[in-house]
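Worksheet: the structure to be examined is printed underneath.
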Amino acid sequence: MLLALRLFIYLIVIIMLLPIMMSLPMALTAGSYVTFPPDGLSLKWFIRMSQDLILMETIGRSFVLALFAALLGVILSVPSAFAIERGRLAGRTAIETLITSPRMIPQIVLVLALLIFYEFIGLAETFAGLVIAHLLITVPLSFRTLHVGISSLDRRLEWSSAILGASRARTFHKIIVPHLKTFLIAAFTFAFIISFNNVTMALFLSAVGERTLPVEMFNRMYVGGMTPVLLAIAFVLAVVGAVTFIVLDRTIGVLKYLSGHN
Amino acid sequence: MLAHEALDSQAGLETAETTSRRSGLHLHGLKKLFKEQVVLDNLNIEMARGELLTLLGPSGCGKSTTLNLIAGFIQPDAGRIILHGKLANQLPPQKRRLGMVFQSWALFPHMTVFENIAYGLHNRKLSNYEIAGRIEEMLRLVRLPGTGEKFPSQLSGGMQQRVALARALVTEPELLLLDEPLSNLDAALRKEMEVELKRIHNQLKITTLLVTHSQEEALVMSNRVAVMQNGRITQVATPLEIYNQPKTRFVCTFLGDANIFEGVVESKDKGVTVVRTNNFSVMVADDNDRLQTGGRAILGLRPENIEIDTTDARTADNAIPAVITDVIFKGSNITYYLRAGEQVILVLTLPSMSESPHSEGQQVRLLFPKSSPLILEDDEESDEGEDV
Amino acid sequence: MSDLSPAIDQAATPIQELRARPTQWGALVAPMLVLVFIFFVIPILYLLRMSFAEQAFAKSVVPIFGVYSLENFAEIFGDIFFLDMIVNSLIVGTGTVVATLLISYPIAYYLTLTRGWERTLILVACLLPLFVNIIVAVLGWYILLLPFGVIQNMLSALGLIDGPLGALKSFWALITVLTYEHIPFAVLILAASLQNISPDKINMARVLGSGVYRTFLTIVLPLTMPGVVATVILVFALSISSYLVPALITGQQVMVLPIAIFSYTSYLLNWTLAAAISLILLVIVAGITFGLTILANRLTRRGEWEIV
């Protein structure tokens, strides 16, 4: 019985890893089409990818977008998380619910609402509009991460610091920030990857000439079908994802954090 | 199981089976290792039918492991577990027909008290009427009538514990296993439940194995007490015997307070032996000739067996001069800490209506007869464990 | 003693200050609230307004106090095409949920049994789709499921079929990829839920005579029911809201609500209708959420007891 279970689990593990791992061998094909097994091995598609200016531009755009969204998100989340945790505000749960509510409705509904609203106020097809949209869906996660970080601060350390004569700024700098460092990195990374990987919002809200990477890939796939260049990019994205996983595991032990072992 | 042990046990098996028809539980040569460490070492237990045997020992001595082996949650590395006269090693827990109460009680929170207790009756082919009747009987036995429709989270700790007990008993198991069932209760409730458990045991006469680290529970509830240490059984006896005739220093100090005197045997004369410690000499009756002249001796002396003499007039076999360092009034008794040279001695007395307690700094004599000191073995020297 | 008093005074001030001014704290969280209010609450409300408006061309402003009309919904519920779509979405959602549960529950259970590198391996494999772009997974599955693709070649080599596999068996392909995307969520929730059951309870059920199946049905399943319900709600909501996967994997052969929303927004420019379809999607998600929660609580009598 247990043996059957084990076999099943390992089968699933292989199936889970397969689609992601497929991209590399296929992208190394020397031929012109996507075939399995690949037609010889060559790096030419990766070179093709780096020579594709439009593609490179979209990678850059995605990167900058994610950077902005993550940074702004953290800047907004830190004081908010402090306020929720430390201030005696009325309706704290209501505020938390409001902040996390954009993630509670289907993303496609949210993006449609934003699109229509943006038309109204002139933010349609702008970079700023996209940043705001990504803020809405990343802030709930960075907020929650920072909230956990702040509520795990030992107040007595701060009080000791104050009693020993440190000013508030100094206490913040020397006691609070070091503790929060890992949570800040985690919150930033979470927000970054969610923004970087996001397709739905970018699809609706970006201007035709200013696509993000996933949108560019989607369009090429939709119009031209599968090509090895796409797979080369897919491999790059897979690596980005894996690295993010590692970073998050090293900072907040995401494997444990997400499983709720804390 | 090793080959020669298998051959051995063939021979032993017959005797084991005949004797265990008389008892519900027989453990033979049980061994268990966790990651190279020996947790249980050649454990042998045979219970008499209807008795309440307590496995008493400190944390880590292997008593919970023993219960888990009997229940079937883990497998022994060697040895046989014989339940109801049959070899049970290969039997899964659900087929062993045991009753068990965990330290955490493990009540099913999503079921009512009734459903919890009825859980074990599912394969007995009883009618709903019969089941309801049995449940009611059980609830009356544990003194919780009318609580059938409540959920465990609506009950107090003491009540939950009794539901756990009722659930274990309703299937009328031949062997009841109790794993520190009173540890989660507060002190007052614990005392009450010790008496309750004893009453229920006397009424049902069910063979029960109790595991605990509480010496009080062991003494109050048991027919026999087996003291366990490092995976072995050091001594097994009735509560009275194990208190008054402990075999080793460990048993003596684990059950009740004790003063331990270590010294060398100075002389022996017609059953009266003198042991010289660093601070004084003790006269002890050694009828069984357990001490040899020149050899080491470890003596235990219960605090309640020492008298304090402030006059200088009384005589006794032993009269040790000492000075009182602390007086601790505990209400029903007074504990005195005294010093005789380097040795600290405890004396327990009942408060007197007429006299006031002795005071700190007072020079007194400690009196006790030669029959009072207990001759103890050192822990490492004891045998390869005793058989229960 | 007097040396200490300045320090104590200074210590008193930060703590006092911290306690004294909720308005200052309010100022810290205000930007966030403003952002959410302006860019979430208002747009959603406007979307709701739009769904109840007469069909107007895209980009025209619908006044809040203008005409309210059920025109959009009439069109949706009057047309078999839309009704088909709603049914498709429900089927896709249900199918994904069932497949995800059937795969994720055993994984979550197995995770309670292992430790060390095996556990890490399984967790990494199951959680990776969360961090790797969905497009990568879609591309990967596309290759696997493609006519002349990997699976095609394997099955041919094994002599099981000859000729192309036909269309991507669109419906099943869709469910497969959606399940793949959502296994991470399910495994996380279910693993946490299973982890919370004390092994004592399981052992107790065994001592009381229950075999593996009875223990699962009477103890494990009821106690993990909140986790199961949360998983069902989450996976259902996410899978019926997915646009990317149906678009790429089925080439729009399986018509689900998000595809219609996209079409009416970007190509057909009928924003009021798109808004109405969105509202229906929203209602379905909300309905499932509330309905299942209440149902599950009823079934397990969850209002009356707590974990002990």
Q: Mind telling me which of B:Leu189, B:Leu338, B:Leu376 comes out most flexible in a GNM of chain B, alpha-carbon contacts under 10 Å?
A: B:Leu189
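Can you list, largest first and rounded to whole Å, the semi-axes you get for chain A by taking the square root of 5 times each eigenvalue of its Cα gyration tensor? Could you put the intermediate results ahead of the total?
Details: eigenvalues 303, 128, 65 Å².
Here the semi-axes work out to 39, 25, 18 Å.
Find, among the trypsin sites (Lys or Arg not before Pro) in the range B:97-148, those assigned to loop by DSSP (not H, G, I, E, B) with at most 16 other beta-carbon atoms within 10 angstrom. Write down the numbers at each step before the final one.
Numbers: sites: B:Arg97, B:Arg124, B:Lys125, B:Arg134, B:Arg140, B:Arg143; in loops: B:Arg97, B:Arg124, B:Lys125, B:Arg143.
The qualifying sites are B:Arg124, B:Lys125, B:Arg143.
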Q: Pick out which of B:Gly146, B:Gly158, B:Gly85 has the largest mean-square fluctuation in a Gaussian network model of chain B, springs linking Cα atoms closer than 10 Å.
A: B:Gly146
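Evaluate E = 1/(1 + (r/R0)^6) for B:Gln90 and B:Arg49, where r is the Cβ-Cβ distance and R0 equals 35 Å; express this FRET efficiency to the nearest 0.05.
Details: r = 24 Å, r/R0 = 0.69.
Between B:Gln90 and B:Arg49 the formula returns 0.90.
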Q: About the Cα centre of the range A:168-262, how large is the charge dipole given +1 on each Lys and Arg Cβ and -1 on each Asp and Glu Cβ? Please answer in debye to the nearest 20.
A: 580
Q. Simple spin-label model, 7 Å along Cα-to-Cβ: B:Gln292 to A:Ala242 in nm?
A. 7.3
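Starting from 0.36 nm per residue, how many nanometres of slack lie between B:Glu241 and B:Arg143 once their C-alpha separation is accounted for? Could the numbers behind the result be given before it?
Values: separation 98, 0.36 × 98 = 35.28 nm, distance 3.27 nm.
Computed gain between B:Glu241 and B:Arg143 is 32.0 nm.
Which whole-number percent gives the relative contact order of the range B:253-376, counting Cα pairs below 8 Å spaced six or more residues apart? The partial results should precede the final answer.
Working: 266 pairs, mean separation 35.7, N = 124.
Here the relative contact order equals 29 percent.
What is the range A:46-188 by shape, rounded, prolate or oblate, if you read a ≥ b ≥ c off the alpha carbon gyration tensor as root eigenvalues and call it rounded for a/c under 1.5, prolate for a/b larger than b/c, and oblate otherwise? Present the calculation step by step, with values, prior to reporting the outcome.
Values: a/c = 3.01, a/b = 1.64, b/c = 1.84.
Oblate, since a/c reaches 1.5 and b/c is not below a/b.
With r defined as the distance between the Cβ atoms of A:Arg250 and B:Arg276 and R0 fixed at 51 Å, what FRET efficiency is calculated, to the nearest 0.05? All intermediate terms of the calculation are to be shown ahead of the outcome.
On the way: r = 66 Å, r/R0 = 1.29.
Efficiency computed from Cβ-Cβ geometry: 0.20.
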Q: Would you mind computing, in nm to one decimal, how far apart the modelled labels at A:Thr126 and B:Met353 are, each placed 7 Å from Cα along Cα→Cβ?
A: 9.7
Q: Using Cα pairs closer than 8 Å and at least 6 residues apart in sequence, work out the relative contact order for chain B, in percent.
A: 16
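Past the 27 Å Cα-Cα mark, which pairs from B:Lys247/B:Lys330; B:Lys31/B:Lys125; B:Lys63/B:Lys150; B:Lys247/B:Lys270; B:Lys247/C:Lys201; B:Lys191/B:Lys370?
B:Lys247/B:Lys330; B:Lys31/B:Lys125; B:Lys63/B:Lys150; B:Lys247/C:Lys201; B:Lys191/B:Lys370
Quote the FRET efficiency, to the nearest 0.05, computed for C:Asp79 versus A:Asp39 with a Förster distance R0 of 30 Å and r equal to the Cβ-Cβ distance. It would help to have the intermediate numbers written out before the result.
On the way: r = 48 Å, r/R0 = 1.59.
The computed FRET efficiency comes out at 0.05.
Assuming 0.36 nm per residue, please report the length gained on full extension of the stretch A:Arg86 to A:Ile15 beyond their Cα-Cα distance.
Full extension from A:Arg86 to A:Ile15 adds 21.0 nm.
Averaging sequence separations of C-alpha pairs under 8 Å and six or more residues apart, then dividing by the length of the range A:166-262, give the relative contact order as a whole percent. Mind showing how you got there, number by number?
Numbers: 31 pairs, mean separation 35.3, N = 97.
Taking the mean separation of contacting Cα pairs over the length of the range A:166-262, I get 36 percent.
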(Q) Under the rule a/c < 1.5 gives rounded, and otherwise a/b versus b/c splits prolate from oblate, where does the range B:217-327 land using the Cα gyration tensor? (A) oblate
**Q.** Among C:215-227, A:17-29, the order from most to least packed when residues are scored by Cβ within 10 Å on average
**A.** A:17-29, C:215-227
Q: Springs between alpha-carbon atoms under 10 Å, Gaussian network over chain A: tell me which of A:Arg220, A:Arg156, A:Arg61 tops the mean-square fluctuations.
A: A:Arg156
Q: With just the Cα atoms of chain B, tell me how far they stretch along each of the three principal axes, in Å, largest first.
A: 78, 57, 35
Q | Semi-axes of the equivalent ellipsoid for the protein assembly as shown, Cα gyration tensor, largest first, Å | A | 71, 37, 28
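Which values, in whole Å and largest first, are the semi-axes of the equivalent ellipsoid of the range B:293-388 obtained as the square root of 5 times each eigenvalue of the Cα gyration tensor? Numbers along the way, then the final one.
Numbers: eigenvalues 172, 55, 32 Å².
Calculated on Cα positions only, the semi-axes equal 29, 17, 13 Å.
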**Q.** Residue exposure sequence - C:Ile277, B:Ile233, A:Ile252 - by fewest surrounding Cβ within 10 Å
**A.** A:Ile252, B:Ile233, C:Ile277
Q: Could you work out how far apart the two model spin labels at A:Thr182 and B:Lys125 are, taking each label as a point 7 Å from the Cα in the direction of the beta carbon, and quote it in nm?
A: 6.0
Q | Within-14-Å neighbourhood charge of B:Met111 [Cβ basis; K, R +1; D, E -1] | A | +2
Q: State the Cα centre-to-centre distance between the range C:255-301 and the range B:287-333 in whole Å.
A: 86
Q: Working from the alpha-carbon coordinates of the range C:80-300, get Rg over Rh, Rh being the Kirkwood radius.
A: 1.04
**Q.** Separation between Cα centres of the range B:172-226 and the range A:68-124, rounded to whole Å
**A.** 58
Q: Answer rounded, prolate or oblate for the range B:153-286, using the Cα gyration tensor with square roots of eigenvalues a ≥ b ≥ c: rounded when a/c is under 1.5, else prolate when a/b is larger than b/c, else oblate.
A: prolate
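Since every read-out is calculated from the coordinates, none of them should be taken as a lab result. The model shown is predicted, which means the values in this text are computed figures rather than measured ones. Heads up, the Cβs are rebuilt from the backbone with ideal geometry, glycines too, and the neighbour counts pull from every protein chain shown.
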